[in-house]
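The values are calculated or read from the model by the stated rules, or taken from the named source; none is laboratory data. Everything numeric here is computed off the predicted structure, so don't read it as measured data. Virtual Cβ from ideal backbone geometry, glycine too; neighbours counted across all protein chains shown.
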Amino acid sequence: MTAEAEERLLAGFEATIARNDRIEPRDWMPDAYRRTLVRQIAQHAHSEIIGMQPEGEWIGRAPSLRRKAILLAKVQDEAGHGLYLYSACETLGVSRAELTGLLLAGRQKYSSIFNYPTLSYADVGTIGWLVDGAAICNQVPLCRTSYGPYGRAMIRICKEESFHQRQGYELLMTMMRGTDAQRAMVQESVDRFWWPSLMMFGPPDAESTNSARSMAWGVKRNSNDELRQRFVDMTVPQADALGVTLPDPDLRWNDERGHHDFGEPDWEELAAVIRGDGPCNAQRMRHRRAAHEDGAWVREAASAFASRSAGAAASHSAEASATLSAEAGAR
Ligand code: BYC
């Protein structure tokens with residue numbers, strides 16, 4: 001391609017971004033835009049799949065049939081989110097098998113939050129309330145991301161995430177209306193998950209290496225710190241209504257700013273978890289690898305079935321066109 005033709009394509013791409021229109025899979029896009037999308041969407045997909053583990057551990061120990069049915073459905077939804085996102089990523093020319101290979105080789109990331117343990121049933125409620133709550137803050141703006149398939153996947157994911165958030169809140173509210181031991185269990189869980197939930201939004205803006213570029217391309221619509229602030233402002237009144245204390249002595253309303261002030265998360269802890277040194281990184285990856293190996297026979301059987309069906313469809317369509325030609329010849 002000539003430099004002039006490439007410049008014309010780039011100008012067309014930039015004009016689409018400037019109009020806030022969507023870029024679609026068959027549109028021309030700069031390689032760096034494609035790479036950024038693959039990185040973010042794959043990381044997001046992996047997070048949904050690895051994110052099934054911490055809550056999944058409690059399916060067999062749910063305290064009632066109702067709680068078990070709710071949790072089972074929720075964890076199953078996360079699998080569905082992973083699949084929508086892998087499909088969106090495949091429209092960029094990379095297969096789900098390649099992406100899984102990159103995750104298992106430690107070359108792609110997943111969200112830091114899933115490297116913390118779930119120690120009590122209250123954690124199921126806290127993950128719904130805080131983790132899904134943070135996910136909603138982060139993901140609602142992604143419904144307007146500049147890449148069409150990602151934005152459309154996010155619309156459906158966000159609808160389901162808001163149910164997840166409400167089921168977590170409802171579980172915690174039920175426990176808070178229960179015994180002193182149940183209330184203590186909720187508070188202990190919130191104490192453990194508060195800071196890691198704030199870290200889900202990523203490093204502070206000044207240290208966010210990808211934000212400026214991703215925002216200029218409309219991949220991200222808000223900065224990490226903006227979304228973190230939105231999450232704190234949204235969550236404080238919910239904590240009051242629940243009757244739990246958020247474990248931050250610096251948390252208070254600032255009239256001048258019209259927002260809550262809050263303390264600084266431990267950024268070294270976030271860096272360590274992202275590096276692979278969090279409390280459960282090794283366990284999560286071990287489990288994911290084992291699940292992948294255990295599923296090999298299912299992938300093999302599904303591929304054999306798909307190629308047999310494709311073969312049957314091809315011979316059926318060859319037969320149909322032979323019949324049509326014979327009929328045309330007879331006429
Ligand atoms: N954890 O330049 P930055 C869910 C990495 S699943 C791990 O700010 P960016 C759910 C970052 O990737 C929710 N890594 O990056 C599922 C970058 O490294 P690379 C998952 C993190 O991309 C089941 C480096 O640090 N949500 O809701 O501009 C059950 C510098 O960061 C993290 C998504 O994936 C982290 N927390 O912004 C329940 C949302 N933070 O890639 C719930 C989509 C940063 O350059 N993703 N890093 O090697 C995003 O919105 C953005 O990618 C992020 C990071 C805000 C996460």
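Given the criterion more than 13 Å from the ligand (Cβ to nearest atom) and either farther than 16 Å from A88 by Cα or touching a Lys or Arg at 6+ places or on another chain (Cβ under 7 Å) (or both), identify the matching residue among R34, R22, R61, R26. Don't jump to the end; show me each part of the working.
On the way: R34 fails: either farther than 16 Å from A88 by Cα or touching a Lys or Arg at 6+ places or on another chain (Cβ under 7 Å) (or both); R22 fails: either farther than 16 Å from A88 by Cα or touching a Lys or Arg at 6+ places or on another chain (Cβ under 7 Å) (or both); R26 fails: either farther than 16 Å from A88 by Cα or touching a Lys or Arg at 6+ places or on another chain (Cβ under 7 Å) (or both).
Result of the check over R34, R22, R61, R26: R61.
Restricting attention to the range 215-256, and to residues there that are acidic (D, E) and free of Cβ contacts under 8 Å to residues at least 24 places away in the same chain, which single residue is surrounded by the most Cβ atoms within 10 Å (Cβ to Cβ)? Show your work before the answer.
In the first step, residues of the range 215-256 are kept if they are acidic (D, E); the result is 225-226, 233, 240, 248, 250, 255-256.
Next cut, free of Cβ contacts under 8 Å to residues at least 24 places away in the same chain only: 226, 240, 250, 255-256.
On the way: E226: 14, D240: 11, D250: 9, D255: 7, E256: 6.
Only one residue tops the list, namely E226.
Just a yes or no: is a residue in the range 27-34 part of a loop (DSSP other than H, G, I, E, B) and free of Cβ contacts under 8 Å to residues at least 12 places away in the same chain? Spell out the reasoning first.
Restricting attention to the range 27-34, the residues satisfying the condition of being part of a loop (DSSP other than H, G, I, E, B) are 27-30.
Going one step further and asking which of them are free of Cβ contacts under 8 Å to residues at least 12 places away in the same chain, we end up with none.
No, the range 27-34 has no match at all.
On the basis of being within 23 Å of R192 (Cβ to Cβ), touching a strand residue (DSSP E or B) at 6+ places or on another chain (Cβ under 8 Å) and β-branched (V, I, T), does V244 make the cut?
Values: within 23 Å of R192 (Cβ to Cβ): yes; touching a strand residue (DSSP E or B) at 6+ places or on another chain (Cβ under 8 Å): no; β-branched (V, I, T): yes.
No; evaluated as a whole, the condition is false for this residue.
Taking the conditions exactly as written (under 15 Å from V131 (Cβ atoms), more than 21 Å from the chain's Cα centre (by Cα) and small (G, A, S)), does S197 satisfy them or not?
no
State which residue is farthest from the chain's Cα centre (by Cα) when the search covers only the range 64-84 and only residues that are surrounded by 18 or more Cβ atoms within 10 Å (Cβ to Cβ) and away from the ligand (no atom under 11 Å from the Cβ).
R67
Within the range 138-152, does at least one residue satisfy the condition of being exposed (fewer than 15 other Cβ atoms within 10 Å of the Cβ), farther than 15 Å from F231 by Cβ, touching a residue at least 60 places away in the same chain (Cβ under 8 Å) and within 8 Å of the ligand (Cβ to nearest atom)?
There is no residue in the range 138-152 that is exposed (fewer than 15 other Cβ atoms within 10 Å of the Cβ), farther than 15 Å from F231 by Cβ, touching a residue at least 60 places away in the same chain (Cβ under 8 Å) and within 8 Å of the ligand (Cβ to nearest atom).
So A206 ticks every box in (1) more than 19 Å from A271 (Cα to Cα); (2) over 14 Å from the mean Cα position of the chain (by Cα); (3) surrounded by fewer than 18 Cβ atoms within 10 Å (Cβ to Cβ) but one. Which box is left unticked?
Against the list (1) more than 19 Å from A271 (Cα to Cα); (2) over 14 Å from the mean Cα position of the chain (by Cα); (3) surrounded by fewer than 18 Cβ atoms within 10 Å (Cβ to Cβ), A206 comes up short only on (1).
Please work out which residue is modelled with the lowest pLDDT, limiting yourself to the range 277-331 and to residues that are over 19 Å from I50 (Cα atoms) and of a type in the set (D, E).
E327
Among D132, D31, D27, which is under 27 Å from S208 (Cα atoms), acidic (D, E) and surrounded by fewer than 21 Cβ atoms within 10 Å (Cβ to Cβ)?
Numbers: D132 fails: surrounded by fewer than 21 Cβ atoms within 10 Å (Cβ to Cβ); D27 fails: under 27 Å from S208 (Cα atoms).
Only one candidate qualifies: D31.
With the condition kept exactly as written, say whether any residue in the range 101-122 is of a type in the set (V, I, T), under 29 Å from S64 (Cβ atoms) and within 13 Å of the ligand (Cβ to nearest atom).
yes
Name the pairs: first residue in the range 201-214 and near the ligand (Cβ under 6 Å from one of its atoms), second residue of a type in the set (K, R), Cβ to Cβ under 7 Å, at least 6 apart or on different chains?
Filtered contacts from the range 201-214: F201/R228; S211/K220; S214/K220.
Among the helices (runs of 4 or more DSSP H) confined wholly to the range 38-130, which include 2 or more residues that are touching a His at 6+ places or on another chain (Cβ under 6 Å)?
Where helices (runs of 4 or more DSSP H) fall fully within the range 38-130 and carry at least 2 residues being touching a His at 6+ places or on another chain (Cβ under 6 Å), they are 65-90.
Name every residue in the range 165-181 that is aliphatic (A, V, I, L, M) and touching a residue at least 40 places away in the same chain (Cβ under 8 Å), in order of residue number.
Once the filter is applied, which keeps residues that are aliphatic (A, V, I, L, M) and touching a residue at least 40 places away in the same chain (Cβ under 8 Å), the range 165-181 yields L171, L172, M173, M175, M176.
Looking only at the range 1-19, which residues are in a loop (DSSP other than H, G, I, E, B) and modelled with pLDDT of 95 or more?
R19
Could you tell me whether any residue of the range 84-95 is aromatic (F, W, Y) and more than 22 Å from I274 (Cβ to Cβ)? Step through it out loud before you land on a result.
In the first step, residues of the range 84-95 are kept if they are aromatic (F, W, Y); the result is 84, 86.
The next check asks that each one be more than 22 Å from I274 (Cβ to Cβ); those that pass are 84.
Scanning the range 84-95, I find at least one residue that is aromatic (F, W, Y) and more than 22 Å from I274 (Cβ to Cβ), so the answer is yes.
Looking at the range 257-264, is at least one residue within 11 Å of the ligand (Cβ to nearest atom), surrounded by 13 or more Cβ atoms within 10 Å (Cβ to Cβ), in contact (Cβ under 8 Å) with a residue 12 or more places away in the chain and on the phi < 0 side of the Ramachandran plot?
Looking for residues that are within 11 Å of the ligand (Cβ to nearest atom), surrounded by 13 or more Cβ atoms within 10 Å (Cβ to Cβ), in contact (Cβ under 8 Å) with a residue 12 or more places away in the chain and on the phi < 0 side of the Ramachandran plot, one finds none in the range 257-264, hence no.
What tally of residues in the range 85-115 results from selecting those that are within 17 Å of the chain's Cα centre (by Cα) and either surrounded by 20 or more Cβ atoms within 10 Å (Cβ to Cβ) or among the β-branched types (V, I, T) (or both)?
Qualifying residue count, the range 85-115: 13.
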